[in-house]
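Worksheet: one structure, shown below.
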Amino acid sequence: MILITGGAGYIGSHTALNFLKSGLDVVIFDSLEKGHIETVETLKKEGNLHFVKGDLKNYEDIINVFKKKMFREKELLKILSSSYNTLCIRRRR
Ligand SMILES: NC(=O)c1ccc[n+]([C@@H]2O[C@H](COP(=O)([O-])OP(=O)(O)OC[C@H]3O[C@@H](n4cnc5c(N)ncnc54)[C@H](O)[C@@H]3O)[C@@H](O)[C@H]2O)c1
């Protein structure tokens, strides 16, 4: 299970697509401030994708995504761009 913040945006959506094509489950967390729900809907056709709307600046929103998706152990994989709001966290199996 991969969590991608900013996944409805440019870099995040391409990242999500690659993970989905690799057969991994993906959770996109995005405020939709700049991203598009249509992008998320398109990505859903590529694999097992969940979308959670939330703001990284809101502590409760962040806690909510971890509660919902039961990420137990978190591993920061990579900060994928110069954008501060796109990152991935992978849940260990
Ligand atoms: N066609 C192209 O070549 C193209 C298109 C778009 C962007 N770019 C480039 O890509 C780079 C930017 O891409 P990006 O993916 O970082 O930006 P982006 O704006 O496309 O994506 C950022 C995502 O983060 C979300 N977001 C922002 N603040 C948030 C918050 N507080 N909580 C949760 N989500 C939040 C936005 O809603 C958006 O979906 C720039 O260098 C830009 O020039 C290129």
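Each reported figure results from applying straightforward, stated rules to the coordinates on display, with no laboratory input. The structure displayed is predicted, hence computed values, not measured ones. Every residue, glycine among them, receives a Cβ derived from its backbone with ideal geometry; neighbour counts consider all protein chains shown.
Among the residues of the range 45-57, those identified as in contact with a strand residue (DSSP E or B) (Cβ under 8 Å, 6 or more places away or on another chain) and either among the small types (Gly, Ala, Ser) or within 16 Å of the ligand (Cβ to nearest atom) (or both) are Gly47, Leu49, His50, Phe51, Val52, Lys53, Gly54, Leu56. Every residue in the range 1-40 that is within 14 Å of the ligand (Cβ to nearest atom), among the charged types (D, E, K, R) and over 18 Å from Val65 (Cα atoms), please. Those that are within 14 Å of the ligand (Cβ to nearest atom), among the charged types (D, E, K, R) and over 18 Å from Val65 (Cα atoms): Lys34, Glu38. Looking at this structure, is Ile4 touching a residue at least 40 places away in the same chain (Cβ under 8 Å) and either over 16 Å from Asp55 (Cα atoms) or under 10 Å from the mean Cα position of the chain (by Cα) (or both)? It is true that Ile4 is touching a residue at least 40 places away in the same chain (Cβ under 8 Å) and either over 16 Å from Asp55 (Cα atoms) or under 10 Å from the mean Cα position of the chain (by Cα) (or both).
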